[in-house]
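Chemist: For reference, the structure I am asking about is given below.
Where a number appears in this text, it was derived from the coordinates with a stated rule and is not lab data. Owing to the predicted nature of the structure, the values given are computational and were not obtained by experimental measurement. Note: ideal-geometry Cβ built from the backbone for every residue, glycine included; neighbour counts use all protein chains shown.
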Amino acid sequence: MSVCLSVCLSVCLSAMTAKRAALITDSYKVVKRSRREEKREKRAPSPPQKDTEPRPLTAREIELQELRQFDQDWRYGPCTGISRLQRWERAAQHGLNPPQEIRDMLLSADTDPDYTHCLWSDYPL
């Protein structure tokens, strides 16, 4: 019995002290983590962000924005092939009640092509 016990003890001790097979991922995690830390240390700090507010729109930019909105509003009919003023007059003739301030803008700058031509005037029909 003592022989059996000693063999059993030696088998148990050897099983407890035996190391498991090393996996490649055991060392990979450590290496990968250290590389990330090295990159963080090497990277230059980003420049501070400027807290600049967008510049305010000029009166011309505001008017052109309103005219683009007029071009995109299909309640006043199609706008390809005609000027904005012609479209406004056609909408008024058909009782579609286009905004009066649009007509005033168009009459005040009747020679400027940015005002007279619609948004899609550069595209062929």
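Chemist: Report, please, the projected area of the range 67-116 averaged over directions, based on the convex hull of its C-alpha atoms, in nm². Spell out each step's value before the answer.
Modeler: On the way: hull surface 12.4 nm².
Projected over every direction and averaged, the Cα hull of the range 67-116 covers 3.1 nm².
Chemist: What ranking do 96, 23 get, fewest neighbouring Cβ atoms within 10 angstrom at the top?
Modeler: Working: 96 13, 23 8.
Starting with the residue having the fewest Cβ neighbours, the order is 23, 96.
Chemist: Using θ = phi - 60° and the Karplus form 6.51 cos²θ - 1.76 cosθ + 1.60, what ³J(HN,Hα) does each residue of the range 60-72 get, whole Hz, x for Gly and Pro?
Modeler: 4, 5, 5, 5, 5, 5, 5, 5, 5, 5, 4, 4, 7
Chemist: Additional query: List the relative contact order of the range 67-116 as a percent without decimals, with contacts defined as Cα pairs under 8 Å and 6+ residues apart. It would help to have the intermediate numbers written out before the result.
Modeler: Values: 34 pairs, mean separation 17.1, N = 50.
Relative contact order for the range 67-116 comes out at 34 percent.
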